[in-house]
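S.K.: Handing you this structure, nothing more for now.
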């Protein structure tokens, strides 16, 4: 039986693919593994049944027989470990790809989420305008370092990996901030990720939940 | 030859073990793998030689023959994968332990770091007092959920794992904020981690760098 993931019944991003199930859907599509989806409402996410799957009351979760997981990074790593396509065969290259998974989630994502949370939650606070440049600098620093590392390569370390998959989803969260656009190589990197057929199938599937249209699954 | 890690020549936390090399040292000590340490100054961290090892100009890095890694989470996972002691043998339990590694770094650490950064960088800003309760709430929410999950268990999922190792180091960053103390089971959990001989050896080794005393390595 196919693994089941949970996703927002009604995504706050209106189907732009910023919810963290997008990463897991994309990973499934890259390796060609079918999956089932269960919708959860914001109320259901705080109920004991969901908290038993996800102690922090979020999505996505992953269920497969007796195994229950949470954390998009851990789920993507689990999928990548069971199928070819998301991690190199060579042991050192594989370890480096996993390093980029952690870098995406631990080093690049936090300042991006901090900035985007401030634009949502603190927009009407008296300090909003004064703080935003400081938040921008933290994001700019990371993007500058990432851009330097990427250079004119297609992907972060050799071929496309789960590290790129996570990094592209993290960078996409910058949305219309204009910050990514200062680094044409990062814009092209994100576009390269979005152009992958697996990304497009995953994107269509999560959008279909929001629009109520047919899912591509 | 033993792997070499980089650590702060002069740690900003004055040897309280909050720098991210502590996690890697603790992992080495848990599995009994010897390691070498190379000190880097803040200036050296921004130089091309170090950036070639760590694109974001931080510590720790890990070098072992031709393999170079960064990101404390990735390094701990690499060590845990090569030795017994940090991940269960059972495949499902192993995957769940890795889930807790990601949970520590992606879900619990960001609000803790955001709060602690604000207390350092924004303490003299006019908005500091007004924002702090909001930052506290984010941390409190995570701690409450974690405390509920832990209950009266010793560790997050069965025996001690790399997930606990990372979570304890993340919770220790709360320092004297008083937030952890609202959950006696989390206080006991951190104390349980700190009481492990491997933690104590790692702590003494990083403190010795700061005090200039003899290293326990």
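S.K.: Among bridges DSSP assigns within chain A, what percent are antiparallel (round to 5)?
M.R.: On the way: 6 of 11 bridges.
Of those bridges, close to 55 percent are antiparallel.
S.K.: Take the Cβ-Cβ distance between residue B:137 and residue B:93 as r, set R0 to 45 Å, and report the resulting FRET efficiency rounded to the nearest 0.05.
M.R.: Approximately 0.85, to the nearest 0.05.
S.K.: Average the reciprocal distances over every distinct pair of alpha-carbons in segment B:91-196, invert the result, and give the Kirkwood radius in Å.
M.R.: Answer for segment B:91-196: a Kirkwood hydrodynamic radius of 14.4 Å.
S.K.: Then there is this: At 7 angstrom along the Cα-to-beta-carbon line, where would the label on residue A:32 sit relative to the other copies? Give the distances in nm, shortest first.
M.R.: 4.4
S.K.: Taking the rotation that carries B onto A, look along its axis and tell me which residue of B has the beta carbon nearest to it, distance in whole angstrom.
M.R.: Spelled out as residue then distance in Å, it is B:127, 2.
S.K.: When averaged across all projection directions, what area in nm² does the alpha-carbon convex hull of chain B cover? Don't skip to the answer; put the middle values down first.
M.R.: Numbers: hull surface 50.8 nm².
Mean shadow area of the hull around the Cα atoms is 12.7 nm².
S.K.: What does the helix-only formula give at 222 nm for chain B: each DSSP H stretch with n ≥ 4 adding -39500 (n - 2.57), the total divided by the residues, and the result rounded to the nearest 500 deg cm²/dmol?
M.R.: For chain B, the value works out to -16500 deg cm²/dmol.
S.K.: Shortest first and in nm to one decimal, what separations exist between residue A:125 and its copies in the other chains, measuring from label points 7 Å along the Cα-to-beta-carbon line?
M.R.: Reported distances to equivalent positions: 0.8 nm.
S.K.: If the chain between residue A:129 and residue A:200 were fully stretched, how many nm would it gain, using 0.36 nm times the residue separation less the Cα-Cα distance? It would help to have the intermediate numbers written out before the result.
M.R.: Values: separation 71, 0.36 × 71 = 25.56 nm, distance 3.61 nm.
Full-extension gain reported as 22.0 nm.
S.K.: Hey, another quick one. For a quick protection proxy, order the peptides B:63-72, B:46-55 by their average other-Cβ count within 10 Å, most packed first.
M.R.: Result, highest mean first: B:63-72, B:46-55.
S.K.: Let me ask something else about it. Placing a label point 7 Å from Cα toward Cβ, how far apart in nm is residue A:66 from its equivalents in the other copies, listed shortest first to one decimal?
M.R.: Ordered by distance, the counterparts are at 4.1 nm.
S.K.: Mind checking the mean number of beta-carbon atoms from other chains within 10 Å of the Cβ atoms in B:72-81? Intermediate results must be reported in sequence, preceding the final value.
M.R.: Working: counts 2, 9, 11, 3, 1, 6, 6, 0, 0, 3.
Other-chain Cβ atoms within 10 Å of each residue's Cβ, averaged: 4.
S.K.: For residue B:33 and residue A:38, FRET efficiency with R0 = 41 Å and r from the beta-carbon atoms, rounded to 0.05?
M.R.: According to the calculation, E is roughly 0.45.
S.K.: Another question, then. What FRET efficiency, computed as 1/(1 + (r/R0)^6) with R0 = 51 Å and r the Cβ-Cβ distance, is obtained for residue B:181 and residue A:82, rounded to the nearest 0.05? Mind dumping the intermediate values first?
M.R.: Working: r = 42 Å, r/R0 = 0.82.
My answer for the efficiency is 0.75.
S.K.: Compute the distance in nm between two label points, each set 7 Å from the Cα along the Cα-to-Cβ direction, one at residue B:192 and one at residue B:153.
M.R.: Taking the simple label geometry, residue B:192 and residue B:153 are separated by 0.9 nm.
S.K.: Using only C-alpha atoms and all pairs of different ones, pull out the Kirkwood radius for the protein assembly as shown in Å with one decimal. List each step's numbers first, then the result.
M.R.: On the way: mean 1/r = 0.0448 Å⁻¹.
One over the average 1/r among Cα pairs gives 22.3 Å for the protein assembly as shown.
S.K.: Test of understanding: extend the Cα→C-beta vector of residue B:120 to 7 Å, then name every residue of segment B:26-48 with backbone N under 14 Å from that spot.
M.R.: B:42
S.K.: A further question follows. Rounded to the nearest 5, what % of the DSSP beta bridges within the protein assembly as shown are antiparallel ones?
M.R.: Details: 12 of 22 bridges.
Restricted to the protein assembly as shown, the bridges split so that about 55 percent are antiparallel.
S.K.: Continuing with the same structure: Provide a whole-number value for the mean count of partner chain Cβ atoms within 10 Å of the Cβ atoms in peptide B:90-102.
M.R.: Average per residue, whole number: 5.
S.K.: Also, quick follow-up: Hey, got the average number of other protein chain Cβ atoms within 10 angstrom for residues in A:106-114? Can you show the working numbers first?
M.R.: Working: counts 12, 8, 1, 2, 8, 3, 0, 3, 5.
Averaged over the peptide's residues, the number is 5.
Each reported figure results from applying straightforward, stated rules to the coordinates on display, with no laboratory input. All of these numbers come straight from a predicted model, not from anything done at the bench. Note: ideal-geometry Cβ built from the backbone for every residue, glycine included; neighbour counts use all protein chains shown.
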